[in-house]
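Just so it is clear, none of the values below were taken in a lab; they were calculated from the coordinates. Bear in mind the structure is a predicted one, so any value in this text is a computation, not a measurement.
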C-alpha cells in the first residue's frame, strides 16, 4: 500500500472516529421545568387581619380531579376550541395534580387559617368539619395570552351533606406568550379560586360564632 493511500485511510479513520464520538456524546437537556406558585405576601396582606385569628373548624381538601389531557408532564396550550399543543421542552417539574393541590392548600391555609388543614384521603375518624371537593374542567393558557381555570367545586360537611355547589370560571392575562408568564397567570387563577372557596368558608365561620 502506497504512503499516499495510508494517509487517506488514516484521515478517513480519524473522521469516522470523531463522528462516532460526536454521535454518542451526551447532549444537554433543552427542557425547562415549571411549578405553580402560591399567593405572594403582597396579595395576602389584605387578608392578614382575618387570617391572623385561627378558625375554629378544620378543612379537608380533596379529592381534586383534573381532566385526562392534563395528566402528563408536557405543558398544554389551547390553540383553538378543539385543538391542544403540548410542548416537548416546557414541562411541569412535579405532577400537575400534586402541584395544584399543594398550592391550593397553601393559599387556603394562609387566607382562612383553619384549625387543621388536611389533604385527601384521610381516615374516617379524622374527617374534617368541611371538605372541599374539586373537579377541574380546564387549566391551561391559550394563544390569546390568557390563562383559564374552570372548575366545579363543593363544600361538604361531616355528615356528607353538600352545603355549597359552585362553578368557577376564572382567567388572567399573561404578560407575554412565554411559558413562564403563562404559569404565573395560571397560578393567579388558582389564587382567585382559593379566594372564592375561602369566602364561602368564612360564611360558615361567621355562622359558627353567632
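Between the stretch 64-133 and the stretch 145-160, how many Å separate their Cα centres? Measuring centre to centre over Cα atoms gives 11 Å.
The DSSP beta bridges internal to the stretch 33-209 are antiparallel in roughly 70% of cases.
For Cα pairs less than 8 Å apart in space and 6+ apart in sequence, what is the mean separation divided by the residue count of the stretch 33-209, i.e. the relative contact order in percent? Could you put the intermediate results ahead of the total?
On the way: 337 pairs, mean separation 45.7, N = 177.
Dividing the mean separation by the residue count of the stretch 33-209 yields 26 percent.
Scale the Cα Rg of the stretch 33-209 by the rule-of-thumb value 2.2 N^0.38 Å and send over the ratio, two decimals. Mind dumping the intermediate values first?
Numbers: Rg = 16.5 Å, N = 177, 2.2 N^0.38 = 15.7 Å.
Cα-based Rg divided by the globular estimate yields 1.05.
Full extension of the chain between residue 203 and residue 85 gives 38.4 nm of extra length, using 0.36 nm per residue less the Cα-Cα distance.
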